[in-house]
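None of the figures in this text is laboratory data; all of them are computed from the coordinates on show. In this text, all values refer to a predicted model and were calculated from it rather than measured experimentally. Using ideal geometry, Cβ is built from the backbone for each residue, glycine included, and neighbour counts are taken over all protein chains shown.
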Amino acid sequence: MTEKISAPSIDPVAAASKPPRKRVASQSWATTLAMLFLMLAIALGAALWWQQKRFDQSIREIASQFQSQGAQLADAKRDARQATAMVDSHAGRIAQLERAVREGEIQYSALEQAWQTFNKGMDDAILASDVDRLLVLASQQLKLAGNVNNAIVSLETALAMLVRADRPAFSGVQRAISMDLDVLRAVPVVDATVITARLESLLALISRAPLLVPDAVVPSSSTKAISDASHARGAATMADNASTRAVSASSPQTIDSSSDSGQSWWRHSLSEIYTWPPRVVSFVRKELAGVIQVQRVNDPSALLISAEQAAQLRANLRSRVLTAQLALMMNQQEIWRTELAAIEQTLSSRFDPRSTDVAAAQRLVLELIQTPVSVKLPDVSASLAALESARMTEKAATSSPKAGE
């Protein structure tokens, strides 16, 4: 059932009987509220319009950003596709390069192995050649020059090369060289310095030793004898003069005594005659003292050489001394003795034996003749044989792989 609600009825009379002031107030409040609602509605509409406008603008900006991002995304996709294509192409190239690198490594390994094999053979050959050269040099120093020190230096150099190389194939050669070095170091060495000084002393003695004849370098003993004879003659003259004065002084006394005793004049003459022989003998002795000289020589031709020949004789002796010195350096005992014997024979036959320089030179020559200048030297045949054996072993080792192939 429907209930009907009826609105209360207004009595027009009652309404008309109400006062009009309340009716005006109510109408003003209604108008004010209507105006407020209208203003609120307008403000709300404006706000909504402004908000919608901002929203639309934001939507447009977002749309434009989406569009630009879409374009950037399209560019990025295009760049990615290009990069992918480049990466694929680079990957192919890298794969090719890796294959080429692997092939190069394989070839390099093969070449390195071949080079090591070749270089090892070449190093051994070069080392063997250098050691052989040093051993041959040491052998020549021993056989030709007899110089032990130079041979030791050559062997020490070869041994140092083998030690630095450290090749097992040359260990036998190294041992052989060490043994030869020990043998050479034990060899007695001739003191060439002392002997050379004695040869120089011999040269000095020969230069000032007097000859049997007058010499332009050193006055001979005959010149000295003449000078001594002149001095003796002067002394004899003075003695004769003194004796003559004595005789003259005694003659008047004899005359006086004879006159006093009554002797005749012939006795005085006889006494004068008795004084003549000593005076004649003294005069002859004075005159012949500087002319005649008695000297005993083994070779008469030694007294007949000229001044030029004497100078040449001294030059020959100096040349023989230098030859002896060369024989000393080369350890030639026979040449040493031959030259010194020739010098000793010349000193005995051509020089004055009464001179102290000549006697000293003869003694020095005899001592030098007895001095040994050469000793029996070993050789380095063991080292050469060991090197040749190492070469043959290396050759056999290198030829065996070729025969197997």
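Some notes on this structure:
- Calculated FRET efficiency for the pair residue 149/residue 395, C-beta based, R₀ 30 Å, to 0.05: 0.30
- Rounded to the nearest 0.05, the FRET efficiency derived from the C-beta distance between residue 126 and residue 85 at R0 = 60 Å is 0.55.
- The amide H of residue 211, built 1.01 Å from its N in the peptide plane, has 352 as neighbours under 5 Å, considering only residues 5 or more places off or on other chains.
- Packing-based ranking of 360-372, 127-139 yields 127-139, 360-372, ordered from highest to lowest mean Cβ neighbour count within 10 Å.
- Label-to-label distance for residue 163 and residue 178 is 1.0 nm, based on points extended 7 Å past Cα in the beta-carbon direction.
- FRET E, pair residue 189, residue 307, Förster distance 45 Å, beta-carbon r, rounded to 0.05: 0.55
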